[in-house]
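Reviewing the structure listed below.
The values are calculated or read from the model by the stated rules, or taken from the named source; none is laboratory data. Only a predicted model underlies this, so the values are computations on that prediction, with no experimental measurement involved. When we count neighbours, we look across all protein chains shown, and the Cβ atoms used for this are built from the backbone with ideal geometry, even at glycine. Surface accessibility is based on the protein's heavy atoms, side chains included, excluding ligands, DNA and RNA. Shrake-Rupley method; radii C 1.70, N 1.55, O 1.52, S 1.80 Å.
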Amino acid sequence: MDRIVVVGAGQAGASCVAKVRAEGFGGAITLIGEEPVPPYQRPPLSKAYLLGDMALERLFLRPEAWYAEHDVDLRLGQPVTDVDAAARTVTLGDDVLPYDALVLATGSTPRRLPDTIGGDLRGVHVVRTLADVDAMEPGMIEDRRALIVGGGYIGLEAAAVARKRGMDVTLIEAAPRILGRVAAPETADYMRALHQSHGVKILEGVGLTCLNGVDGRVVGAILANGEEHPYDIVIVGIGITPNDALARMAGVTLDNGIATDLLGRTSDPHIWAAGDCASLPFRGERIRLESVQNAIDQAEAVAKNILGAGQDYVPRPWFWSDQYDLKLQIAGLNTGYDKVAVRDGGAARSHWYYAADTLLAVDAMNDPRGYMIGKRMIEAGKSPPPDVVADPESDLKALLKA
């Protein structure tokens, strides 16, 4: 193998090229990114960076010089326009690059509001890229009115930052409750109370009819309950879609993203995928894991398997979210849960998800100990009795050793 091309200069793409070099690959590596900046961290964008607590340079995963020092051909601001799987080439601009292995680490794109209801107005934003956040920042001014559309973690994080910047914040969620797809009612209740205590107005079961604009800029909204309110800025957090256009060009199998096997290889043996865009087998179904941790772990597994390791990637999902003074840590996947054990330790609280007697996941609110022990139990296949977990006097560490 002489040449590896990685498309997508995000967390997954950057992790892949670094691991390939670390594993001793001496051939040519090209890393291609659409954005004009080196690979950077996304989680701090909408929090520390937007709040002014993190400088741009600190966002970068590595100094730009690192890529040249490690003989990585870094192509920035150059979108790939074609993939020819038969010829094993990718096209960007006037360049046609051959590959022996192609890694698609193309990430995902936020869903936007339709233009027909005002989604194209100035002042309507999504949260994904550095450019998104840079465009949003000037409108986040104290005492101005922000509408957050979507009650998932992205929307809740945006609401927290807007409140920290002194804005008047309303969050609407069309579903019956916030976090409806990703968390138990117990976690939703906790998060709702947290935001309401910080002055966020939360409207559940209320969708958006349309946005009002003047001279092309948003000035308000008509909600599905008939209410009409003025707003100065709108932040949309209604989910993401995997970027699979290049995979379609290449003719590889798609299934909730770019379908891979456990090695990270697609239906074309020379094309691999990792990160938000990739779906993989897990517990008898196909899933995509939208997290920094998965992007790193999956990309590093792909890097080793390109070089012949032949090791299945077994995800160990964990996530986090910072809101106000809350550190929410999540271990495992709660899909299929039928009961939740609530461990209330006062300032520290955790929600433990079970399917019958099997522990699936843990949501830990300012409870790093509960999170770490729960994570280790899940990875070890241990399931402590729910009633014991719910007793705040029980010794979790002893349960781990049992």
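Before moving on, here are some points about what is shown:
- Residue identified as within 30 Å of C16 (Cβ to Cβ) and of a type outside the set (S, T, Y) among V182, V124, V161: V182
- Within the stretch 358-387, the residues that satisfy the criterion of being surrounded by fewer than 16 Cβ atoms within 10 Å (Cβ to Cβ) and over 28 Å from the mean Cα position of the chain (by Cα) are P385, D387.
- Residue satisfying all of: in the stretch 250-264; touching a helix residue (DSSP H, G or I) at 6+ places or on another chain (Cβ under 7 Å) and without any contact (Cβ under 8 Å) to a residue 60 or more places away in the chain; least open to solvent (accessible area, probe 1.4 Å) among these: G264
- Cross-chain or 6+ apart pairs with Cβ under 7 Å, the stretch 44-60 first and of a type in the set (D, E, K, R), then open to solvent by 40 Å² or more (accessible area, probe 1.4 Å): K47/D322
Here is a yes/no grid of residues against (1) touching a Gly at 6+ places or on another chain (Cβ under 8 Å); (2) open to solvent by 10 Å² or more (accessible area, probe 1.4 Å):
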residue	(1), (2)
C16	no, no
K19	no, yes
I29	no, no
E34	yes, yes
A48	no, yes
L61	no, yes
E64	no, yes
Y67	no, no
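- Scanning the stretch 164-188 for residues that are open to solvent by less than 10 Å² (accessible area, probe 1.4 Å), assigned to a loop (DSSP other than H, G, I, E, B) and in contact with a Gly (Cβ under 8 Å, 6 or more places away or on another chain) turns up I178, L179.
- Residue in the stretch 298-357 that is surrounded by the most Cβ atoms within 10 Å (Cβ to Cβ), counting only those that are among the hydroxyl-bearing types (S, T, Y) and free of Cβ contacts under 8 Å to residues at least 60 places away in the same chain: S350
- Strands (runs of 3 or more DSSP E) within the stretch 305-402 that include 2 or more residues of a type in the set (K, R): 339-345
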